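One structure below.
FYI, it's all coordinate maths here, none of it is from the lab. Small disclaimer: the values here were computed from a predicted structure and weren't measured. Cβ placement follows ideal geometry from the backbone for every residue including glycine, while neighbour counts extend to all protein chains displayed.
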Amino acid sequence: AAKDLGKNRFMVFETRMHEQLLSRLDQEARLREAVHRGELRLHLQPVVALPDGQVSGAEALVRWQDPQRGLQQPGSFIPLAEETGMIIEIDRWILLESCRTIRRWQEESPATAPAWVSVNLSAVHLDLPDLTDHVAYALATTGLSPHCLVLELTETVMMRDLAVTSARLEELRQLGVKIAIDDFGTGYSSLGYLRDIPVDVLKIDRSFITGLVGNARQQELVSAIIQLGHTLGLRVVAEGVEEADQLTLLTVMGCKFAQGYHLGRPQPPDELRAGLAVPALARTVTGS
Ligand code: C2E
Ligand code: MG
Ligand code: MG
Ligand code: MG
C-alpha cells in the first residue's frame, strides 16, 4: 500500500509539473504573439520637479492587454520575457512607442509636454552589439531629440563586465541620451561603480522612501544619497513617493525630482495628456 501511495504521489506530482509546463508554454506562445498582435500598451508615469511640482518628464512602463486575462502588470510577464529573450522585442517596442508619443506631444502641445521620457532597458541589451544603432534608429525615425531620452538600467548591469558595460553606456551617451541607474541602493557595490560607469541620473529605490517619515536614520541615508548624487553632478529622482509628508521631507533634503502614486499613477498617454492640458496653476501636486 505504501508503494502504491508513493506511486500515486509521484503521478500527482508529475501531472502538476506537466500542467505547469503546459501553462508556461502557453503563456510563452501568447506573449510571443502579443507584440505582433498589438497587445502591448505604453503607460506613462509623471516625474515632477521639486519644489514646484511641475511635470518634468515621464517614465515609460509596459503593460500587456492579454485577451484572456485582461491588463497585465510587468511583474507577471517580464521575468518570462527575460528568460526567453522576448524582452528585447518588448523593450524595443516600448522605446519606439515612447519616442513617438513624446515627440508628437512636444510638437502638438509644447507648453505642457514632458521634456523627457525615461525608458527601462533589461540588462540583456548590453550584450547586443546593435543596441546603440537601435537607439539611434528610434530617435531618427521619430525625430525625438536625444536629450529628451533617458535609458534606465538597474544595478544588476554593474555585476557584468565593467569594461564592456562602460563602453556600451559611453556609446549611448555619445548619441546625447542620458543613462539612469534604476532602483539605486538595492544592488551591489553601489559606490564602486559610480566611479567607473558613466551615468547621469540616480533613481533612489522606493524601499528607501517607504518608512522615511519618522525614521531619522533613513532620512540621513537618503539625504546623503541626494548630496552624493548632486556632488557627482547627477540628477537624483526619488521613486515611490506615496505620501505628502514624504514629498515634504524630500523637498527639504534638496531632492529635485520625484515620482510616485502621490504625484501620479502610470496611465495611458492620452489620460496623462488630458490631465496636463489643465493650466498648471489650476493643477494640484496631489492629483493622481
Ligand atoms: P521600475 O522601473 O522601478 O518602475 C517603477 C515601478 O514602481 C512601476 O511598477 C510603477 O508602477 C511602480 N510605482 C510607481 N510609483 C509607485 C508608488 O508610489 N508606490 C508603489 N508601490 N509603486 C509605485 P510596474 O509598472 O509594475 O513595473 C515594475 C518593474 O517592471 C519596473 O520597475 C521595471 O523594472 C520593469 N518594467 C516595466 N516596464 C518595463 C519595460 O518596458 N522594459 C523592461 N525591461 N522592464 C520594465
Ligand atoms: Mg524604471
Ligand atoms: Mg525603479
Ligand atoms: Mg524596478
**Request:** Return the percentage of antiparallel bridges among DSSP beta bridges fully within the chain, rounded to the nearest 5 %.
**Result:** 40
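Using a simple charge model, +1 on the beta-carbon of Lys and Arg, -1 on the beta-carbon of Asp and Glu, nothing else, what dipole does the chain show about its Cα centre, in debye to the nearest 20? Numbers along the way, then the final one.
Values: 28 positive and 37 negative charges, 68 e Å.
Its charge dipole is roughly 320 debye.
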**Item:** Arg217 paired with Ala277, simple spin-label distance in nm, labels 7 Å along Cα-to-beta-carbon
**Value:** 5.0
**Message:** Can you tell me what percent of all Cα-Cα pairs in the stretch 105-186 are more than 22 Å apart?
**Reply:** 27
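Note down the Stokes-Einstein diffusion coefficient of the chain in µm²/s, whole number, using a Kirkwood radius over alpha carbon pairs, 25 °C, and 0.890 mPa s.
On the way: Rh = 20.6 Å.
For the chosen part, D equals 119 µm²/s.
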**Complete:** Computed from the beta carbon distance with a Förster radius of 51 Å, FRET efficiency for Glu28 and His230 to the nearest 0.05 stands at 0.70
**Message:** Only four residue types carry charge here, +1 at the Cβ of Lys and Arg and -1 at the Cβ of Asp and Glu. Report the dipole size of the stretch 1-154 about the Cα centre in Debye, rounded to the nearest 20.
**Reply:** 540
**Request:** Mean Kyte-Doolittle of at least 0.5 plus a Cα span of 30 Å or more along the axis: flag which DSSP H helices in the chain meet both, please.
**Result:** none
**Asked** Got a sec? Charge dipole of the stretch 169-217, +1 on Cβ for Lys and Arg, -1 for Asp and Glu; which of Leu212, Ala180, Leu191 is way out at the positive end?
**Response** Leu212
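Please compute the length gained on full extension between Thr141 and Gln54, using 0.36 nm multiplied by the number of residues separating them and subtracting their Cα-Cα distance. The partial results should precede the final answer.
Working: separation 87, 0.36 × 87 = 31.32 nm, distance 2.89 nm.
Computed gain between Thr141 and Gln54 is 28.4 nm.
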**Request:** Specify which residue in the list Ser109, Val12, Asn120 is farthest towards the positive end of the charge dipole of the stretch 1-143, using unit charges on the beta carbon of Lys, Arg (+1) and Asp, Glu (-1), about the Cα centre.
**Result:** Val12
**Asked** If r is the Cβ-Cβ distance from Asp127 to Ala244 and R0 is 30 Å, what FRET efficiency results, to the nearest 0.05?
**Response** 0.10
**Asked** Can you give me the Cα centroid spacing of the stretch 145-181 and the stretch 129-144 in angstrom?
**Response** 14
**Prompt:** In what sequence, highest mean first, do 86-96, 165-175 appear when ranked by Cβ atoms within 10 angstrom?
**Reply:** 86-96, 165-175
**Asked** Taking the alpha-carbon centroid of each part, what is the distance from the stretch 200-253 to the stretch 13-74 in angstrom?
**Response** 28
**Message:** Given an 8 Å cut-off on Cα distances and at least 6 residues of separation, report the relative contact order of the chain as a percent.
**Reply:** 17
